[in-house]
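Enquirer: This structure is in structure tokens; I'll ask about it shortly.
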Amino acid sequence: MKHFKTLLAAVVITLGMSTFTQAQKVAHINFEEIVSKMPETLKLQADLEKLGKTYGEEITSAQKALKAKIDKYTAEEVSQTTAQNEARIKEVQADQGRIQQLQQVAQQELQQKEKSALEPIIKKAQDAIKTIAETKGFEYVLDSKALIVSEGEDLGPAVKTKLGIQ
């Protein structure tokens, strides 16, 4: 029985030490902050803003043309036949549909461009984090946004240096 207690104490101490040792191989990083400050991401945001502005101008122009058409048709409504007014209503509805479709296409294209351009940026950030973690001997790197307590090492500054981020 005495040997059993000694053996049990040794097992508990060993498990406690291995858990403590493993805890030392965990670091954290704010991944979103790293990606958002990368030069590639900043350029992507500028490009997307420019493209969005172009689409916005095109949509605004189409909306202004539609408003002018509606104003004209409204002013001429009394002098037109019922058939002509119905045809004009259908024409205006078709124009409204085209504008809505243009808005949807613009939004989808912006999302697709962002997604496809972000993939290599994210890969580059992940590779840099992996390299720094391996260099410093960390087995696990957690995103600091999910941590309640983050007293371990923050790899953010080292990764920022590796990626050339101020």
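Enquirer: Suppose we filter A106, A117, A46 for residues that are hydrophobic (A, V, I, L, M, F, W, C), closer than 30 Å to G164 by Cα and surrounded by 12 or more Cβ atoms within 10 Å (Cβ to Cβ); which single one remains? Break it down stepwise before answering.
Expert: Numbers: A106 fails: closer than 30 Å to G164 by Cα; A46 fails: surrounded by 12 or more Cβ atoms within 10 Å (Cβ to Cβ).
Residue meeting the stated conditions: A117.
Enquirer: Tell me the residue from K145, K130 that is in a helix (DSSP H, G or I), surrounded by fewer than 14 Cβ atoms within 10 Å (Cβ to Cβ) and in contact (Cβ under 8 Å) with a residue 40 or more places away in the chain, please. Steps first, answer last, please.
Expert: Numbers: K130 fails: in contact (Cβ under 8 Å) with a residue 40 or more places away in the chain.
K145 is the lone residue from the list that is in a helix (DSSP H, G or I), surrounded by fewer than 14 Cβ atoms within 10 Å (Cβ to Cβ) and in contact (Cβ under 8 Å) with a residue 40 or more places away in the chain.
Enquirer: Further, regarding this structure: Within the range 26-43, count every residue that is buried (at least 16 other Cβ atoms within 10 Å of the Cβ) and without any contact (Cβ under 8 Å) to a residue 60 or more places away in the chain.
Expert: Number satisfying all stated conditions: 0.
Enquirer: With the requirement that a residue be touching a helix residue (DSSP H, G or I) at 6+ places or on another chain (Cβ under 7 Å) and farther than 18 Å from S36 by Cβ, what does the range 97-117 give you?
Expert: We begin by selecting, within the range 97-117, every residue touching a helix residue (DSSP H, G or I) at 6+ places or on another chain (Cβ under 7 Å); these are 99, 102-103, 106, 110, 113-114, 117.
Answer for the range 97-117, where residues must be touching a helix residue (DSSP H, G or I) at 6+ places or on another chain (Cβ under 7 Å) and farther than 18 Å from S36 by Cβ: I99, L102, Q103, A106.
Each value in this text was obtained by applying a stated rule to the coordinates, not by laboratory testing. What you are looking at is a predicted structure, and each value in this text was computed from that prediction instead of being measured. No Cβ is skipped: glycine too gets one built from the backbone with ideal geometry, and neighbour counts run over all protein chains shown.
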